[in-house]
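Remarks on the structure that follows.
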Amino acid sequence: MRSLINLAKGWRLVRAFPLLVVGLFLLNLIFSLTLAPPMHRALKDSLGKSLAGERMTKGFDYLWWEEFRDTAGGPAGTFSPAVMGKGALLFNLERMAKGRLASLPGEILLAAILFILIRTFVMGGVLTIYQNGRESAQKAGFFISSARLFPVFLGIAGLAAVFYLGLIGGLERWSDLLVGRAAANASSEVSPFFLALAFSLLFLLLVLLLQMVFDYARILTVANGSRRVFQAVAAALRYIFRHLLPVLGIFFLILSAQLGISLLYIFLDGVVPQASPAGVAIGMLLQQGFIFSLVWIRCWLYASQLELVRYTG
Amino acid sequence: MRKIPFALALLLGFAAAVAAQIRPPRAFCPQVANYTIDAQLDTEKRLIQAQQLLEWTNPSDTPAVELWFHLYWNAFRNNRSTFLMESAQMGRTRTEKFGETDWGRCSVDDIRIPASGDVAETDLKPTLRFRHPDDNNLEDRTVFSVRPPRPVEPGETIQLRISFSAQVPRPVSRTGVIRDSYFIAQWFPKLGVFEGNGWNCHQYHAHSEFFADYGTYDVRLTVPAGYVVGATGEERGSSRNPDGTATHRFVQHSVHDFAWTADPGLLKYQEDYAFLPGRTVHLILLLQPHHRHLRERYLQAVRHAVTYASLWYGEYPYTTITCVDPAFNSGSGGMEYPTFFTGGAYFIAPRGIPRPESVTIHEFGHGYFYGLIGSNEFEFPWMDEGMNSYLDTKIYYTAYGEPVYSQNYFGIPVAFPKITLPIESQGISSHRQTWNMDILQRSSWGYMSGASYGANAYAKGQLMMLTLERVLGEEIFSEMIKAYSTRWWWKHPQPADFFDVVAEFGGRDKSDLLDQFVYSSARLDYAVGGISNQAVRPERGWFEDEFRMGEKADSPRFETEVLIRRLGDVTAPVEILVLFENGRRVRENWDGRYRWKKLRYRSPFRIIQAVVDPDFKYVLDLNRSNNSFTLYPDRVAPLKWTSRWLLWIQHTLELFTMIGG
């Protein structure tokens with residue numbers, strides 16, 4: 001019940017400052033678009049003046065794609081049906097569970113790192129506005145808050161990176177060995193499959209719990225004015241254990257919303273025909289609508305968590 | 001009645017007796033090497049002990065001074081065997097974690113010529129020598145020879161009684177035991193092939209398969225009662241023994257190998273299937289319990305395979321087909337033996353993804369290419385793998401349509417129904433990545449790498465067959481391939497034999513084309529270099545007695561040109577399709593020999609499109625995209641797919657916010 005109330009308040013808070021969501025969405029879009037021209041050029045060069053272009057507009061020319069894949073390098077080498085549509089979501093989910101989200105070509109990783117830095121910076125301002133409301137919503141106030149909170153938030157991000165890449169990555173490699181050993185003597189693939197799946201689910205849960213801890217570390221920093229990274233994380237852990245049920249409630253309800261929106265996107269992406277310029281445009285809008293909703297949900301999560309902290313005092 | 005001289009009658013009678021001995025009335029061919037084996041499997045020690053009676057008739061016109069045998073399981077005896085050394089060089093450390101009891105071996109305990117008439121029994125064991133015809137690796141014991149007291153004359157039959165013991169290995173390659181599931185292949189001392197100028201009996205290599213002569217196998221297998229047993233041929237009865245074992249007898253004539261499986265957990269399904277009017281075969285499926293939901297998919301794949309193969313390559317002659325769904329980790333999946341083969345399935349198997357169908361059809365197909373058409377898998381790997389890959393692809397696509405693209409996430413195959421794989425895509429990618437590593441025709445262990453072996457033997461061979469089909473046309477090709485197939489059943493064809501049949505049906509120039517594919521690593525790549533449409537310039541200057549000052553020309557308005565280029569080194573006659581803006585289509589032919597060709601037209605209309613090889617005959621063309629050229633390239637496609645790819649990037653960035661923000 002408490003979770004639902006905080007969710008409702010969080011929703012209203014996000015709605016009260018829609019430009020924040022728009023700004024975060026544009027940040028995502030801008031950083032992504034820096035990677036677009038090289039990919040566009042690679043595709044255009046490969047399709048050239050051949051009729052494969054027509055086939056790729058109307059559908060997917062598998063023969064052409066194999067040629068492209070066999071010769072492409074760098075970020076262009078990531079172009080594959082495996083990362084399109086539903087593939088993109090499943091691919092990322094699997095990599096997240098295996099602690100391999102950062103296994104990317106250099107150019108993409110660089111963009112991601114810069115993105116995280118800027119995002120870390122602006123989240124200070126965003127959370128301050130959610131915390132303090134309209135009076136801190138002026139431009140100067142936003143950036144001053146961001147700058148003030150950046151060192152702590154950067155520290156929290158660094159710690160999060162260590163835990164995610166080090167702990168999850170390490171655990172995943174250890175679990176791989178375990179599954180391999182169990183599989184080596186199995187005469188059926190079923191139990192190794194379920195063992196591996198169980199580990200993946202466990203690591204996903206661990207990733208989500210880590211996210212919870214570091215989210216609350218940021219929120220409590222804003223709420224309590226703390227300036228110490230480890231202090232903030234410790235405070236977050238204490239807070240979570242003291243208010244476990246509402247914390248988990250908010251988290252998993254938001255997660256359900258995220259899952260729901262993802263499934264909706266996968267469904268619409270599958271049914272909306274994208275074989276004509278108009279269809280392609282609709283597809284692009286659908287895509288951006290999906291990403292926008294993910295950004296909105298992220299802000300909603302923060303806002304709801306903040307409301308919980310406000311409620312518990 | 002004219003009297004036949006007594007000597008002639010005697011000679012004729014002797015010849016008939018010899019013929020009867022090597023070709024029993026029911027057999028399809030001369031039974032050169034007959035094996036009668038009595039084997040007992042000790043599951044506690046994982047040991048097979050067997051007594052083998054081998055009858056071999058010298059099929060050549062040269063006396064055989066020695067007899068050469070394969071002992072394939074000695075490849076798993078230690079890591080100095082040729083097989084394991086070659087595997088290690090390729091980075092495959094198959095036996096690194098092996099304990100004392102995991103290794104395999106096959107030992108000849110006794111080998112003798114039994115007494116016959118006045119001739120006393122002869123012990124051949126003292127003459128046993130291990131041979132290394134391929135690499136002089138003295139540690140390799142996969143080939144041995146013995147020397148009978150006198151040569152075996154042409155047409156003469158020799159009997160050998162052999163006792164051997166075979167330690168069943170942990171699976172390394174194709175055979176072994178995992179838990180209590182046994183798959184037993186290449187397990188007995190198997191004679192090589194005597195070709196008159198010597199024994200064709202290669203060592204076991206990391207990439208080689210097998211070669212042997214046809215004969216009758218009569219095998220008794222004694223295993224613990226309760227084990228489900230499957231093997232080559234027909235089961236001719238089983239009996240329970242007082243010691244808790246059961247003996248199963250399998251018999252098959254006119255085959256060149258015998259494999260078997262014993263596993264207490266297998267589910268057994270059987271049916272009589274009418275694959276052609278008046279022709280029935282007994283189908284047996286031995287299935288892993290956790291794959292029981294795939295039973296009908298397996299059976300349907302076998303039904304399709306035997307039906308289409310019979311239509312296209314000759315009626316399947318044997319009475320049984322046994323398909324085994326192998327145990328996980330058995331290493332025995334996707335492998336072929338006469339009338340008996342293994343498939344391969346995953347318990348999550350969405351429809352549209354061709355597993356288990358594709359591998360089942362492929363392994364059944366080997367019953368033709370290698371089974372019936374007994375080419376030498378050591379020396380001409382493409383003649384079974386390439387041809388069979390073509391066969392299995394044609395059957396799959398005919399029976400099921402184009403398979404869909406799939407990707408594994410969390411070990412679960414996910415289908416992408418909107419992306420289908422055209423038949424021309426089968427193998428072209430691996431060929432593209434390896435085209436300049438080797439020529440197609442190499443001995444199986446003679447390729448630069450495992451990737452090159454796979455790409456040449458399987459992919460390039462398959463693509464070559466598909467190219468040949470399209471170049472000859474379906475009708476001529478199907479006559480040709482059926483003729484080749486049925487002519488060479490129960491024989492050992494070589495590449496030249498196949499080329500001869502191609503030339504017979506398709507003309508000598510087709511053999512020339514095959515020559516380029518088989519004996520060179522040249523790549524095939526034709527391209528449209530460009531299209532040019534120049535407005536016809538008004539006439540200026542003296543024309544007869546008339547001076548013209550550049551008035552506008554009436555018609556035609558354009559001088560148009562298409563440039564076709566040969567970028568690869570394979571030369572082949574090609575067609576070009578030219579499309580004008582008024583919809584007119586022109587087909588041209590080019591012999592494809594020189595490096596380029598220009599097609600010129602004077603036309604009121606511009607050329608807007610050109611395609612070289614418009615019917616996609618040359619599926620070996622490494623770069624299909626450059627085969628077409630249009631003045632109006634589609635600008636939407638790069639935008640569309642960049643945008644779709646961008647979703648992944650955007651989603652990735654949002655996931656990164658769990659780290660920062």
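The values are calculated or read from the model by the stated rules, or taken from the named source; none is laboratory data. Just so it is clear, the structure is predicted and the values come from calculations on it, not from any experiment. For neighbour counting, all protein chains shown are included, and Cβ atoms are generated from backbone atoms with ideal geometry for every residue, glycine included. We work out accessible area using only protein heavy atoms, side chains counted, and drop any ligands, DNA or RNA first. Shrake-Rupley method; radii C 1.70, N 1.55, O 1.52, S 1.80 Å.
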Test result for A:Ala137, at pLDDT below 90, open to solvent by 20 Å² or more (accessible area, probe 1.4 Å) and touching a helix residue (DSSP H, G or I) at 6+ places or on another chain (Cβ under 7 Å):
yes
Check off (1) hydrophobic (A, V, I, L, M, F, W, C); (2) facing another protein chain (nearest Cβ under 8 Å); (3) open to solvent by 20 Å² or more (accessible area, probe 1.4 Å) for A:Met56 and give me the number that stays unchecked.
(3)
Could you say which residue among B:Glu296, B:Glu315 is closer than 21 Å to B:Gly344 by Cα and open to solvent by 50 Å² or more (accessible area, probe 1.4 Å)?
B:Glu296
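To keep it simple, each residue is scored yes or no on (1) open to solvent by 10 Å² or more (accessible area, probe 1.4 Å); (2) part of a strand (DSSP E or B); (3) not small (Gly, Ala, Ser).
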| site | (1), (2), (3) |
| --- | --- |
| B:Phe188 | no, no, yes |
| B:His202 | yes, no, yes |
| B:Ser254 | no, yes, no |
| B:Gln270 | yes, yes, yes |
Any residue at all in segment B:596-607 that is within 13 Å of another protein chain (Cβ to nearest Cβ), surrounded by fewer than 18 Cβ atoms within 10 Å (Cβ to Cβ), without any contact (Cβ under 8 Å) to a residue 60 or more places away in the chain and farther than 30 Å from A:Gly158 by Cβ?
no
For B:Arg644, indicate whether it is more than 7 Å from chain A (Cβ to nearest Cβ) and farther than 25 Å from B:Gly568 by Cα.
no
Looking at B:Thr393, B:Thr398, can you tell me which residue is open to solvent by 20 Å² or more (accessible area, probe 1.4 Å), more than 14 Å from every other protein chain (Cβ to nearest Cβ) and assigned to a helix (DSSP H, G or I)?
B:Thr398
Restricting attention to segment B:340-362, report how many residues are open to solvent by 10 Å² or more (accessible area, probe 1.4 Å) and either in a loop (DSSP other than H, G, I, E, B) or free of Cβ contacts under 8 Å to residues at least 40 places away in the same chain (or both).
14
Hey, does segment B:578-590 have a residue that's crowded, with 17+ Cβ neighbours inside 10 Å and at the interface with chain A (Cβ under 7 Å from one of its Cβ atoms)?
no
Go through (1) touching a Lys or Arg at 6+ places or on another chain (Cβ under 8 Å); (2) surrounded by fewer than 20 Cβ atoms within 10 Å (Cβ to Cβ); (3) facing chain B (nearest Cβ under 7 Å) for A:Glu94 and report which single condition fails.
(1)
Can we say B:Ser173 is surrounded by 20 or more Cβ atoms within 10 Å (Cβ to Cβ) and in contact with a helix residue (DSSP H, G or I) (Cβ under 9 Å, 6 or more places away or on another chain)?
yes
Single condition A:Tyr62 does not satisfy, out of (1) aromatic (Phe, Trp, Tyr); (2) more than 7 Å from every other protein chain (Cβ to nearest Cβ); (3) free of Cβ contacts under 8 Å to residues at least 12 places away in the same chain
(2)
Collect the residues in segment A:146-163 that are aromatic (Phe, Trp, Tyr) and either open to solvent by less than 10 Å² (accessible area, probe 1.4 Å) or in contact with a Lys or Arg (Cβ under 6 Å, 6 or more places away or on another chain) (or both), keeping them in residue-number order.
A:Phe153
Condition first: surrounded by fewer than 18 Cβ atoms within 10 Å (Cβ to Cβ), within 23 Å of A:Phe115 (Cα to Cα) and free of Cβ contacts under 8 Å to residues at least 12 places away in the same chain. Can you find one or more residues in segment A:43-51 that meet it?
no
Residues of segment A:176-231 being under 13 Å from A:Phe153 (Cα atoms), among the polar types (S, T, N, Q) and open to solvent by less than 30 Å² (accessible area, probe 1.4 Å), which ones?
A:Thr221, A:Ser226
So which residues in segment A:291-306 are within 13 Å of the chain's Cα centre (by Cα) and either buried (at least 22 other Cβ atoms within 10 Å of the Cβ) or not polar (S, T, N, Q) (or both), if there are any at all?
A:Ile291, A:Phe292, A:Leu294, A:Val295, A:Trp296, A:Ile297, A:Arg298, A:Cys299, A:Leu301
Condition check for B:Leu221: crowded, with 23+ Cβ neighbours inside 10 Å and out of contact with any Cys (no Cβ under 6 Å at 6 or more places or on another chain)
yes
Taking segment B:507-528 and keeping only residues that are open to solvent by 20 Å² or more (accessible area, probe 1.4 Å) and either assigned to a helix (DSSP H, G or I) or touching a residue at least 60 places away in the same chain (Cβ under 8 Å) (or both), one is left with B:Arg508, B:Asp509, B:Lys510, B:Asp512, B:Asp515, B:Gln516, B:Tyr519, B:Ser520, B:Ser521, B:Arg523
Would you mention how many residues in segment A:258-284 are facing another protein chain (nearest Cβ under 10 Å), modelled with pLDDT of 95 or more and out of contact with any helix residue (DSSP H, G or I) (no Cβ under 6 Å at 6 or more places or on another chain)?
0
Please specify each residue of segment B:74-99 satisfying the condition of being exposed (fewer than 15 other Cβ atoms within 10 Å of the Cβ) and assigned to a helix (DSSP H, G or I).
B:Gln89
Hey, B:Glu55 at pLDDT 95 or above, in a loop (DSSP other than H, G, I, E, B) and either farther than 22 Å from B:Phe378 by Cβ or not hydrophobic (A, V, I, L, M, F, W, C) (or both) or not:
no
Counted residues in segment A:232-245 being open to solvent by 30 Å² or more (accessible area, probe 1.4 Å), of a type outside the set (A, V, I, L, M) and closer than 18 Å to A:Glu307 by Cβ come to 2
